[in-house]
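Have a look at the structure below, then the notes.
The values are calculated or read from the model by the stated rules, or taken from the named source; none is laboratory data. Since the structure is predicted, the reported quantities are computational estimates derived from the model, not experimental observations. Counting neighbours? That spans all protein chains shown, and the Cβs are built from the backbone with ideal geometry, glycine included.
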Amino acid sequence: MFKPKYTITNNLLENIKRVNALVNELNDRRFPNVILLEFEKVARAVSTYASTSIEGNPLPLTEVKKILKSKPQYLRDSEKEILNYNEALKDLNKKLEEGKVKISLDLILKIQKLVTQDLLPSSDSGHIRQKPVQVNDPKTGQVVFLPPDVADVEPMMNKLIVFTNENRGKIDPLILAGVFHKQMVLIHPFMDGNGRTTRLATKVLLAQMNLNTFNLFSFENYYNKNVTNYFHMVGEFGNYYDLTGRIDFTTWLEYFTGGIIDELLRVQNLLPRVGISPNTQIQEHHTKVLDYIKENGFITDRDYSKLSDRAKATRTLDFQRLTKLGLIERKAKGRATYYVLKER
């Protein structure tokens, strides 16, 4: 049985509270669909750039955006890595929207196959490693960590998945996702693609645990700001078997939750400035409609007439505009017509 060692410090507890508050604030704010769709596209590009950059991909963000837009026919490995990761992001998000995703070994294998497609031999893509591996210091080339033996990899992954699934609702989701992230990195289940696969699987976990900003933020971006620090925090030094029972997840969990706060603050500051134009701008009278629905659950034209002195024809246009922007939806017909917030 997998039993991670960690302490809920004051710092960790404050981080958890801050993350939940920021997520609630973001989820309570409403933006036109055209703004959210554009921001989701940008967030995918940032996630793709950051996660592949962590692993040594040399392409800058500007080049990543060009590749995602043009999808060139003849690809270098660095470009293929970009397209693979982006496709994995889109595939996972679609499955999440359909409610078809649950953390399992099968899902993790599929994620690794997506990110390594045409970059590894078929025997290593979508399969647990069958050879010993070692983790080297990228600067010195010296061996710094020896992951578990081949025979132990699959049983250890299964224990981690069981621990994660059985403790939903028992352990805070941020702690659960953080423990999963570090332990999977230490198990190092694949010949290649371990980091990218782990970060994608962690994004799925966060989304499943109602930290549903999957489309809007890139926690990989925080790690990429200081890759050396990320590797130091998520990794360990020595032989895994010598460290078993002594690995403490506390410092990593503080770093992990702090990184999510950093990225959520970036998103919070950026969202109001994304895509604002005459076609997407929400006026004060629109905000009154949205606030009224949020407080009362729905709004009718009669309700709106009491909030504003706008003429009936103009109020109708306001409802149509908010509907077109994907912020509200119409219910019933004729005199029974009312509007509610559109589910996102």
- Task: Among the residues of segment 124-163, write down those that are among the aliphatic types (A, V, I, L, M) and either farther than 18 Å from I108 by Cβ or outside the structural domain of G245 (by TED's automatic domain parsing) (or both).
- Result: V135, V143, V144, L146, A151
- Message: So K102 ticks every box in (1) crowded, with 18+ Cβ neighbours inside 10 Å; (2) outside any helix (DSSP H, G or I); (3) touching a residue at least 24 places away in the same chain (Cβ under 8 Å) but one. Which box is left unticked?
- Response: (1)
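Residues checked against (1) among the aliphatic types (A, V, I, L, M); (2) at pLDDT 85 or above; (3) in the same structural domain as T198 (by TED's automatic domain parsing); (4) on the phi < 0 side of the Ramachandran plot:
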residue: R29; (1), (2), (3), (4): no, no, yes, yes
residue: F39; (1), (2), (3), (4): no, no, yes, yes
residue: P60; (1), (2), (3), (4): no, yes, yes, yes
residue: K102; (1), (2), (3), (4): no, yes, yes, yes
residue: L109; (1), (2), (3), (4): yes, yes, yes, yes
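Do the conditions hold for E79, that is, is it assigned by TED's automatic domain parsing to the domain that holds I187 and surrounded by fewer than 16 Cβ atoms within 10 Å (Cβ to Cβ)?
On the way: assigned by TED's automatic domain parsing to the domain that holds I187: yes; surrounded by fewer than 16 Cβ atoms within 10 Å (Cβ to Cβ): no.
In short, no.
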- Is there any pair with a first residue in segment 8-19 that is outside the structural domain of G258 (by TED's automatic domain parsing) and a second that is part of a loop (DSSP other than H, G, I, E, B) and loosely packed, with under 13 Cβ neighbours inside 10 Å whose Cβ atoms are under 8 Å apart and which are 6 or more apart or on different chains, and what are they? none
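For (1) more than 19 Å from I16 (Cβ to Cβ); (2) assigned to a helix (DSSP H, G or I); (3) not assigned by TED's automatic domain parsing to the domain that holds Y241, each residue gets a yes or a no:
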site: G178; (1), (2), (3): no, yes, no
site: M184; (1), (2), (3): yes, yes, no
site: P189; (1), (2), (3): yes, no, no
site: D192; (1), (2), (3): yes, no, no
site: T198; (1), (2), (3): yes, yes, no
site: T202; (1), (2), (3): no, yes, no
site: L205; (1), (2), (3): no, yes, no
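Which one is surrounded by the most Cβ atoms within 10 Å (Cβ to Cβ), of the residues in segment 56-74 that are within 25 Å of I108 (Cβ to Cβ) and out of contact with any Phe, Trp or Tyr (no Cβ under 6 Å at 6 or more places or on another chain)? Outline the logic, then answer.
Pass one, segment 56-74, residues within 25 Å of I108 (Cβ to Cβ): 56-57, 64, 68.
Adding the requirement that they be out of contact with any Phe, Trp or Tyr (no Cβ under 6 Å at 6 or more places or on another chain) leaves 56-57, 68.
Working: G56: 11, N57: 21, L68: 18.
Across segment 56-74, the extreme among qualifying residues is N57.
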